[in-house]
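The values are calculated or read from the model by the stated rules, or taken from the named source; none is laboratory data. Keep in mind the model is a prediction, meaning the values are calculated, not measured. Glycine also receives a Cβ, built like all others from the backbone with ideal geometry; neighbour counts cover every protein chain displayed.
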């Protein structure tokens, strides 16, 4: 075997990313690493690239053990990696970016020679790109080709690609696969990290499936089916029986939130929203499934008024709020628990008490906002925390000193105790242990039962299936499937999420649930 | 008890550390003086003798501290949301000009009516001077440090023009100043010194700054912006409004300093009403980490240095620039010690 | 009159051009140095003192360059190693230089020196109009206008320029490509300081031929603004510098002709012009700014 990884183990504080992973790759093979988010694939490849040092295990190429302490060592050993966010300078031309990557460069760089090499790679492998174009002018697919050319000119024989298709349009994906196939013909070894089943079936020679830090199995493509892979990916899951009262009481005839063909342009390679329509009633939880980066962020921002919809309308309780400011939306009873709580939801240098009133400023600081009584505010917050049955932390501590999980709990508390009309929550239980997760779920259910409309955006299928009254699946900025939990099995959901399949509509996502 | 221990860990120790760093700066300047064959100890003795050796010295410390506190607030208020206002000098002069106009055209009014009007004019003049860079920043993203710096030169030149042209004292043979203000336009002096009512303006302004910051909704929103602008935007806090508000509030206070200088100390408008109060005020704010209470302390410290600077000139023949060097070094030392200037106090 | 304004513009624009070119280098590497104002001052002061002591303007220029470089080294240290706020550190440097030069330069305020003489280019300086306009200046003027294309070549056609620009655009990518980003930034800032020092030398040794406290009078800040107008491009900086020099020269001309315009209004024009320019070019500024500077200029830190 050309490339061997033996017993690679790597852990970070609180997370065991890789436990004893062994992998064998042949020369001239396209090998796919398949797994959900958090399965450990990126970590493993970063170990191979010298970005991380493994806690245990060895790497050998062509029989020789490698000691990789940095990416430079890896590059010298002929290993190159293209990251999900490209290491390119947008203001520079293709030639200039490649010049930076060259191991040897003359004082006056021979741009003609570099241009010629770019043309040769274009001719030979299909890596066509205009050498004099500035990188910011290139499409994402073209930028990716520049990244691959950079690897080739620095002498890499083993190419690692991290989620290369997540930012590509379908025709660009085909182009990429053709390039990979020609590279393989020339003896390059390619490692391909992905969570997309369909692509794996199209391009890989062999597939290794990772789940929760361990290898589940390795299959060669001709022996694998999509169903097998989905099963290996997601594992054994019983269709859960109702732990909570499943059917939401949809309050009122009019939905709390309606999106009508909302489109938001994507920025910097992200996909934006492409004509999304949905409706949500009070007293129900609509789960939004899908891999991160498929438009969920843009959905949240559009609803909150942080980003203007280019097309379509957003209605809150029947009122057009497509151009409303964030402040107005918050005052109208919209709440949000963002994707990155520490960066987006709190002011780390301010105390817990000060953060707890961030989204209800007028309420806690009335009378024109003068003579704020912090003691009274602290007491009110303590009361709220007690009502939720939690222990009260020291409210005068800066939020930046809290752990990620505690910040998450803080935000849940803050937004839920506002009794919002509409709650948009991203990954509400990220970083929480089992007990805290359970409690968070109970809180969400209580809110729902109290009449709130909840948009639950999550990557955790279990959570979505447990809590949601209805589900939609997001892929590439659009809804590709809508159903109720229990209507289709988890394998199909996984296929939808990974873009392998589109669900045949048998009820439109915009139609309200009949009141029960 | 545990509470005390925790406090000592963080905020209370900051003044102590600052003092230590200040001492470091003094040592550095001492070395500098030695290189030039001057006796650093004699210089330091002269500085402190100048400030503390007489009632006059002490009173002068207060007199200098007044505009320093106001100009420091001019920097500190916008700094709380991350804007760097170096335009204190220009805003001071703008306020002085506005107050001068009032004093010259309305000088016949009785004191009770005139003085509040002049205060208002001083505030407005300074705010107007700060409004331009604020709008440029808000609407066009023009960096406010550069625009306020440039505007300083413009406004100071405007004063030069005005005292030699339209507002020139017709009885002054060519000296560049306006006619003396009438009695009703002057701020009284206290206790036979040059300490004037501007002291109350400064202390009230600082107290208001502190109060607004800690006990009002606006101060709260300012602190949130300063700590995490993204979270502030997501919480619906209007960033643009605060850019304009903080810059204008800061400018207004610097303008007030200008009004106080012309109405109390100078009794007329002339070039040189400010010996770099705007820039020194900027320094004061940074040394105080933009904290209102720290501003009072640092303004006094730099006031001491300023009076001391006069003294070393008189008694040792050293240039006034000596204390400027000390001030600049203290600034460097504070910057270099990685204090995150307080945006939440 | 146009000719003499233009000629005066070329001369007066020289210190601004040196300072602007220096700041282009520093900002292209991602560091804004508001202390340029201070570096010009130390250059002017050191140059003047050295010339006064040694009677050699050449030694004065060398001393000025050295002084400017050392002063900027402090800023480089604060920004690259200590990671202090770039704008605050630059202003601190400016204050320090102002104080130090006022102190050190005091004995030299009324002193006369052996100034840098104009150096006519043989042959060319006899040409009818162009001769006086372009070829009868002193050595430093020629230097500045020759330096601009040289810097342009280095910046865009050599690997050092490539490395510098990479660091100023995306430090992370430059670092991943193996570049010693800290060293590059230090070098760029010191280079900028050296050029600012030379700007000061021209100011005190050729233009004004004297030393006065604070004589740079905001030229350093104008240079920083000019870098923005010139969209960080050395050749456009030449145009900007000549225009500003012409404004300065125009002031003298207008005064000499006894026009009834207050000299103070004339003095305001460079600064007002700069402000307007900043406003007009705000949008272009966003596109052409090296990425690494966005946080410094537009970030609410």
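Within region A:79-100, work out how many residues are more than 7 Å from every other protein chain (Cβ to nearest Cβ) and closer than 17 Å to residue A:159 by Cα. Number satisfying all stated conditions: 9.
Note on region B:135-175: among residues that are out of contact with any helix residue (DSSP H, G or I) (no Cβ under 8 Å at 6 or more places or on another chain) and either facing chain C (nearest Cβ under 9 Å) or part of a helix (DSSP H, G or I) (or both), the one that is modelled with the lowest pLDDT is B:165. Output the residues belonging to region A:397-439 that are over 25 Å from residue A:459 (Cβ atoms) and either under 20 Å from the mean Cα position of the chain (by Cα) or loosely packed, with under 14 Cβ neighbours inside 10 Å (or both). Listed by number, the residues that qualify are A:397, A:401, A:419.
Could you say whether any residue in region A:101-112 is closer than 18 Å to residue A:144 by Cβ, facing another protein chain (nearest Cβ under 9 Å), buried (at least 22 other Cβ atoms within 10 Å of the Cβ) and in contact with a helix residue (DSSP H, G or I) (Cβ under 6 Å, 6 or more places away or on another chain)? Checked against the condition, which is being closer than 18 Å to residue A:144 by Cβ, facing another protein chain (nearest Cβ under 9 Å), buried (at least 22 other Cβ atoms within 10 Å of the Cβ) and in contact with a helix residue (DSSP H, G or I) (Cβ under 6 Å, 6 or more places away or on another chain), region A:101-112 yields at least one hit. Reported count of residues in region B:259-279, each being free of Cβ contacts under 8 Å to residues at least 40 places away in the same chain and touching a helix residue (DSSP H, G or I) at 6+ places or on another chain (Cβ under 6 Å), is 0. Restricting attention to region A:366-388, the residues being outside any helix (DSSP H, G or I) and in contact (Cβ under 8 Å) with a residue 12 or more places away in the chain number 1. Just to be sure I understand, how many residues within region B:226-236 are buried (at least 22 other Cβ atoms within 10 Å of the Cβ) and either more than 11 Å from chain A (Cβ to nearest Cβ) or more than 16 Å from residue B:291 (Cα to Cα) (or both)? Going through region B:226-236 one residue at a time, the tally reaches 5.
Filter region B:297-311 down to residues that are more than 15 Å from the chain's Cα centre (by Cα) and more than 11 Å from every other protein chain (Cβ to nearest Cβ) and give me whichever is farthest from residue B:203 (Cα to Cα). Ranking the qualifying residues of region B:297-311, first place goes to B:311.
Any idea which residue in region C:260-282 is nearest to the other protein chains (Cβ to nearest Cβ), counting only those that are assigned to a loop (DSSP other than H, G, I, E, B) and surrounded by fewer than 18 Cβ atoms within 10 Å (Cβ to Cβ)? Break it down into steps so the answer makes sense when it comes.
Residues of region C:260-282 assigned to a loop (DSSP other than H, G, I, E, B): C:260-262, C:281.
Adding the requirement that they be surrounded by fewer than 18 Cβ atoms within 10 Å (Cβ to Cβ) leaves C:260-262.
Working: C:260: 11, C:261: 10, C:262: 5 Å.
In this case the residue turns out to be C:262.
One residue stands out among those in region A:43-70 that are touching a helix residue (DSSP H, G or I) at 6+ places or on another chain (Cβ under 7 Å) and surrounded by fewer than 20 Cβ atoms within 10 Å (Cβ to Cβ): the one that is modelled with the highest pLDDT, which is A:52. Set side by side, the residues A:275, A:293 differ, and just one is in contact (Cβ under 8 Å) with a residue 12 or more places away in the chain, outside any helix (DSSP H, G or I), within 18 Å of the chain's Cα centre (by Cα) and on the phi > 0 side of the Ramachandran plot, which is A:293.
Could you please let me know if residue B:213 is assigned to a helix (DSSP H, G or I) and surrounded by fewer than 24 Cβ atoms within 10 Å (Cβ to Cβ)?
Yes; evaluated as a whole, the condition is true for this residue.
Here is a check on your reading of the model: is residue A:389 at the interface with chain B (Cβ under 8 Å from one of its Cβ atoms) and closer than 17 Å to residue A:440 by Cβ? In short, no.
Residues A:91, A:169, A:123: which one is surrounded by fewer than 21 Cβ atoms within 10 Å (Cβ to Cβ), touching a strand residue (DSSP E or B) at 6+ places or on another chain (Cβ under 8 Å) and over 28 Å from residue A:60 (Cα atoms)?
Exactly one residue qualifies, and that residue is A:91.
Yes/no per residue for (1) surrounded by fewer than 24 Cβ atoms within 10 Å (Cβ to Cβ); (2) in a helix (DSSP H, G or I); (3) under 19 Å from the mean Cα position of the chain (by Cα):
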| residue | (1), (2), (3) |
| --- | --- |
| B:289 | yes, no, yes |
| B:295 | no, yes, yes |
| B:315 | yes, yes, no |
| B:328 | no, yes, yes |
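Per-residue answers, yes or no, for (1) in contact (Cβ under 8 Å) with a residue 40 or more places away in the chain; (2) within 14 Å of chain C (Cβ to nearest Cβ):
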site	(1), (2)
B:41	no, no
B:57	yes, no
B:60	yes, no
B:66	yes, no
B:78	yes, yes
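When B:37, B:88 are checked against the criterion of being within 14 Å of another protein chain (Cβ to nearest Cβ), touching a residue at least 60 places away in the same chain (Cβ under 8 Å) and either surrounded by fewer than 24 Cβ atoms within 10 Å (Cβ to Cβ) or at negative phi (or both), B:88 stands alone in meeting it. When C:214, C:245 are checked against the criterion of being in contact (Cβ under 8 Å) with a residue 60 or more places away in the chain and within 13 Å of another protein chain (Cβ to nearest Cβ), C:214 stands alone in meeting it.
Considering only residues that are closer than 20 Å to residue A:4 by Cα and out of contact with any helix residue (DSSP H, G or I) (no Cβ under 9 Å at 6 or more places or on another chain), look in region A:209-238 and name the one that is surrounded by the fewest Cβ atoms within 10 Å (Cβ to Cβ). Looking at the filtered set, the residue picked out is A:220.
Residues are listed down the side, and each one gets a yes or a no for (1) crowded, with 18+ Cβ neighbours inside 10 Å; (2) facing chain B (nearest Cβ under 8 Å); (3) free of Cβ contacts under 8 Å to residues at least 24 places away in the same chain; (4) in contact with a strand residue (DSSP E or B) (Cβ under 9 Å, 6 or more places away or on another chain):
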| position | (1), (2), (3), (4) |
| --- | --- |
| C:222 | yes, yes, no, no |
| C:230 | yes, no, no, no |
| C:284 | no, no, no, no |
| C:297 | yes, yes, no, no |
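The set of residues in region A:296-309 being closer than 15 Å to residue A:278 by Cα and without any contact (Cβ under 8 Å) to a residue 60 or more places away in the chain consists of A:302, A:309. Being out of contact with any helix residue (DSSP H, G or I) (no Cβ under 9 Å at 6 or more places or on another chain) and either closer than 17 Å to residue C:12 by Cα or surrounded by 18 or more Cβ atoms within 10 Å (Cβ to Cβ) (or both) holds for only one residue in C:142, C:207, and it is C:142.
Among residues that are in contact with a helix residue (DSSP H, G or I) (Cβ under 8 Å, 6 or more places away or on another chain), within 12 Å of another protein chain (Cβ to nearest Cβ) and in contact (Cβ under 8 Å) with a residue 40 or more places away in the chain, residue B:256 is not included. Only one entry in A:63, A:38 is more than 14 Å from chain C (Cβ to nearest Cβ) and farther than 20 Å from residue A:164 by Cβ, namely A:63.
Scanning region A:326-365 for residues that are more than 7 Å from every other protein chain (Cβ to nearest Cβ) and either farther than 26 Å from residue A:392 by Cα or part of a strand (DSSP E or B) (or both) returns A:328, A:329, A:331, A:332, A:334, A:335, A:336, A:337, A:351.
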